[in-house]
Amino acid sequence: MSAAYDFIVIGGGHNGLTSAAWLAKAGRKVLLVERRATLGGVAATEELIPGFRFNVGASDAGMLLPQVIDSLELEHHGLEFIENPVAAFDPITGLTIWRDAEKTQQELSKFSAKDANTWPEYVNQSGRFADILTQMASLAPPALKGSPTNLLLAWARLALRLRALGGKEPSPAIRGQFKSSMMEFLRVLPMSAYQFLNERFESNALKGMLASVALTGLDQGPRAAGTAFMLLYHQLGRRSDGFRSTRVARGGVGELIEALAEAAMDAGAEIRTDSGVSAILAESGRVRGVRLNSGDEIRANTILSSADPRTTFLDLLGAPQLTPLTSRRIRNIKLRGTTASIHLALNGLPDFPSAGGDTQRLTAAIVICPSMDYAEHAHDDAKYGRISEHPIIEARIPSLHDSSLAPVGQHTMSIIFRFAPYRLRANDWDSERERLGDIALDTLSKFSPNLRSLIADRRIITPLDYEREYGLAEGSIHQGQMSLDQLHLMRPVPGFVAYRSPIDGLYLCGAGAHPGGGVTGAPGLNAAMQALREMR
Amino acid sequence: MNYDAIVIGGGHNGLVNAAYLARSGLSVLVLEQRHVLGGATVTEEIFPGFKFTVFSYVVSLLRPEIIRELELPRHGLTILPLESTITPLPNGDYIYRGSDPHETFRNIQRFSPRDAEAYREYGHTMYQMAKAVKYILGIRPPDPTSLHPRELLALLKLGKHFLSIGEDNLYTLVKLMTMSSAEFLEEWFETDPLIATMSASGIIGTFLGPRSPGSAYVLLHHYMGEIDGVFRAWGFAKGGTGAISEAIANSGRELGAEIRTEAKVAKVLMRGDRATGVVLESGEEIQARLVISSLDPKLTFLKLIDPSQLPDDLVRIVRNFETQGSSGKVNLALDAAPDLSCWPGDGPHLRGAISVSPSVDYIERAYDEAKYGQFSRRPYIDAIIPSMIDPGMAPPGKHVMSCFVQYAPYKVHKYTSRQANKEEPAAENWDGQREAFGDAVVDTLSEYIPNLKKIILHRQVLSPRDIEEKIGMTGGNIFQGELSLSQLFFLRPAPGYAQYRTPIQGYYQCGSATHPGGGITGAPGRLAAMEILRDLRK
């Protein structure tokens, strides 16, 4: 039987769609299959409560790489970004981080003159480091096997590119940093957010707020080495002004998915929803196609899977196709979901007295993480298999940007809850789900007295739900936590190079591959380019 | 008198550095502030008849080339093997890992046959890893930002070395560099107490928990020991660790080095941008062409010289250099031999280490307390009974016991329940808590050694603050600075200054805060000497 498609892409999340769109644009025959009825995976905007639409996982698309937007002409396909002038708001103290560094300085001066002074330099430095990471995001890590000369060359090339980046335009503001900012970069990468931020700031409110970002998707506290890297990673994409990018897709992150799907279909890709894959078919070390849950088999010589590596290789492909060492390495991937979300249908806009009536502040990420020790304590609970009693909260009210998300006069709020460990020691998630919602609301209500009275309905997505409903093994939103040992050449597992796998023609194109999670489109784009180059 | 070189600090690294410089014909003077040599590598008779290895207590990392080149055995160094590690468990059982691999295998097999097999394989892998890293311990770190041919060549050689160890070994090495010790071990073993007691060697001396990324590397650091060519064997120096310092000092003296104790250096003398000697606290000035500091970087760069003479970036990084100590020491003088309830009476287990590390959570909880500024109520303890190995350490029939304890943070505050929103604990003097800490250690040990309280004659309790006060190490950090990834290799102590030089002409560093770091290795002292001699030949 001849192959009906050049490429089959498994999974219609933003990375799968990026791969499909790019391959279709290159003139190839592409089929994308999605298990659920809606596209987007955890980057979807869904009507969880009748009349109310929510971003079920990813809350914005600000990390999306410019080359993804440009090469797929997403703006032409309806993607529109709003540059929100405000990034983060702390409802405890009222501290707000604005895109405008001067405005942030004014805020910070109420907490610490020193921090206010340091802020512009920090924005500058972290922006430069994030630029380097953005460049690295599109460079596949070289292999460690092959001829020594080639290897040395490949690694030297990477080192030189990084070196050139570090040496470029050393701005006067950070010239005092070191001989070369590259050295400081190398020093910072393996650091903890705790050390990184303590070296720079003194205000607990600011440090807590910044550290909260670093812990996204991690089963780690701010004292863990490598969390400084994550702090910078979340500034990937276009300028993020010291926190996370403040760009929001108009209409929710789901609009990005629609634009991607449109780009893919316009280019001729076929997209099938309600088409879960039950197996990846392979013969003598080569991929042959997929079998759907319906029993249908579809042939293709190249398959890109945006499912997480454990699901892809152990569930869909099957361990017998792999060497024992490879299966062991895949089993050893630390997935460890720790993120839950709570979605509220609100009868009105909640009042946060600390915002002083300034509704604009409420368009930011509303972050409860008053200090780095608060975050550390929150993780202590997770370490021993418990839900954080005093969680890190990141709440958003997307309906403030886009009134179409809720009926007139009403609002939606989505709350990200950290830490909610996938493996609970004493209970199970089905019995803890509502308690988690209560903890989140207790925490937020302290700073928004009328919040509870406005709630018309709520939905809670636990790590277990992210696994069951969205297919993320262990509810790991990054498809493998982005700890130092699972980055770069160690991602997805040691020995897998350039999105390839031990099975010829089978590629990984999701967050489980380099550079990792977040709505960047990088794994999807990089894998598609690699697969096309090596197409048979 | 005018010297070629003055070495500040008579710890083992300062002494090694001086001995190597003297060996090359330089006139060298070592200045030590205390009345005894050795710094943290010292044996002292704290109570009459009882000799304590007051600070460091075991040896395995001392570089064999130093033992050979300085002829340390001829100068009195004898290393006696530590036979085993016993980990008593709360249920009355124990894990025993001894010098006989079959016995260890059988012991672990009681818990898990799979782990017993994995233990062998693990040992083999760690041997490979230690061999791969040994090369790095023996070289001066290159400067990756420099385009100097020497640096590029060194980087190339380093690259070749890494590639030569093979792909799978390289991946394991990256894991070791980035993972937590418990998680690394969990990829091999399933028995929690075994993982716990093994992971403990990853946290010794660091302010990390067994689940903190970066602690797996320290695991390797402690595996790199090499005594008589046998990897990972720990030993005890006859006469205590002080005997190591004495042997190095004797070797140095024979090679012509002069050593003065009770001579505390106040400042390094400068002319223009050159170091020209030192002034002692007594006011005495001594001139030299070279000044080498074996002290930690905070003292070397911020105290001994005026930091305004240094680049701002270096000062910033040195100020931020993590030197908060995390370990304490409790030294006991005992009237009789301790008796373990899990293994009563005499036995080889008493001539090895007794490790209180019953579960990963136990150690992690001990770390949790320290994170927020309290000493661990139920600490991790690594105890040895030196007098069992070397009877000369205590009067006949009596014993000394050395207990290394974690965690004891440098800054402590009074015990309160969880403080959700308090960042920096009010620095409180250890004076109010030292004995409570000692009690926590003795109480914890007594759970496994029921006769302990009855046989204690004297006890000495040392907090990191005491370590700082007694021997000067800032923060009481036993490695002169955390062995964290951002403080290792070409980043130790600061990027651009990891080659033992300083921005001041004629002023060098040779302590544990330089590559390859802490432990009784002597390597920083030796590598610094090589670099100094190289500069002199120019």
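Values for this structure:
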| item | result |
| --- | --- |
| For the stretch B:206-340, alpha-carbon Rg and Dmax in angstrom | 20.5, 63 |
| Å³ per residue enclosed by the Cα convex hull of the stretch A:54-166 | 189 |
| Relative contact order %, chain B, counting alpha carbon pairs below 8 Å whose residues are six or more apart | 23 |
| Dimensionless Rg/Rh of the protein assembly as shown - Kirkwood Rh, Rg from C-alpha atoms | 0.98 |
| Taking A:Asp70, A:Asp219, B:Asp100 and counting other C-beta atoms within 10 Å, the order from fewest to most | A:Asp70, B:Asp100, A:Asp219 |
| Straight-distance crosslink candidates among aspartates and glutamates, where the alpha carbon sits under 15 Å from B:Lys238 and sequence neighbours closer than 8 are dropped | B:Glu44, B:Glu45, B:Glu83, B:Glu246, B:Asp390 |
| Average Cα contact separation per residue, the stretch B:96-162, under 8 Å, 6 or more apart, as relative contact order % | 15 |
| Sequence-distant lysines (8 or more away, or on other chains) whose Cα lies within less than 16 Å of A:Lys110 | A:Lys207 |
| Per-selection metrics, the stretch B:466-538 (Cα): Rg and Dmax in Å | 12.7, 43 |
| Sum of -39500 (n - 2.57) over DSSP H runs of 4+, divided by residues of chain B (222 nm, nearest 500) | -10000 deg cm²/dmol |
| Ranked list, fewest to most other Cβ atoms within 10 Å of each Cβ, for A:Phe54, A:Phe229, A:Phe417 | A:Phe229, A:Phe417, A:Phe54 |
| Cut-off under 5 Å, modelled amide H: who pairs with A:Ile455 long-range | A:Asn347 |
| Debye intensity ratio in log₁₀ form over the Cα atoms of the stretch A:381-453, taken at each q of 0.21, 0.26 Å⁻¹ | -0.93, -1.16 |
| Gap separating the Cα centres of the stretch A:26-105 and the stretch B:483-538, nearest whole Å | 48 |
| Amide proton proximity set for A:Ser278, modelled H, under 5 Å, gap of 5+ | A:Arg291, A:Leu292, A:Asn293 |
| Mean projected area (nm²) of the alpha-carbon convex hull when the stretch A:436-477 is viewed from all directions | 3.6 |
| Distance cut-off 11 Å, percentage of C-alpha pairs in the stretch B:266-306 lying past it | 63 |
| Cubic angstrom per residue, convex hull over Cα atoms of the stretch A:1-47 | 72 |
| Pairwise Cα inverse-distance average, inverted: Kirkwood Rh of the stretch A:230-355 (Å) | 19.2 |
| Amide H partners (placed H, <5 Å) of B:Gln505, local residues excluded | B:Ala275 |
| Coordinate range along principal axes, alpha carbons of the stretch A:1-105, Å, largest first | 66, 34, 19 |
| Charge context of A:Ala143, other residues only, Cβ under 12 angstrom, K/R +1, D/E -1 | +1 |
| Only Lys, Arg (+1) and Asp, Glu (-1) charged, at Cβ; chain B dipole about Cα centre in debye | 1020 |
| Cross-link partners of B:Lys264 among aspartates and glutamates (Cα-Cα below 17 Å; sequence separation of 8 or more within a chain) | B:Glu32, B:Glu281, B:Glu284, B:Glu285, B:Asp296, B:Glu468, B:Glu469 |
| Cross-link pairs beyond the 31 Å C-alpha cut-off, checked among B:Lys175/B:Lys303; B:Lys51/B:Lys303; A:Lys145/A:Lys334; B:Lys134/B:Lys298 | B:Lys175/B:Lys303; B:Lys51/B:Lys303 |
| Percent of Cα pairs exceeding the 42 Å cut-off, where the set is chain B | 16 |
| Global size of chain A as Cα Rg and Dmax, reported in angstrom | 22.4, 72 |
| Normalised contact order of chain A, rounded percent, pairs of Cα under 8 Å and 6 or more residues apart | 24 |
| For chain A, calculated [θ]222 nm from helices alone, where every DSSP H run of n ≥ 4 adds -39500 (n - 2.57) | -10500 deg cm²/dmol |
| Approximate shape of the stretch B:44-119 as ellipsoid semi-axes (Cα gyration tensor, √5λ), whole Å, largest first | 34, 20, 9 |
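Bear in mind that the values in this text are calculations on the coordinates, not laboratory data. Predicted model, so just to flag it, every value in this text is computed and none were measured. No Cβ is skipped: glycine too gets one built from the backbone with ideal geometry, and neighbour counts run over all protein chains shown.
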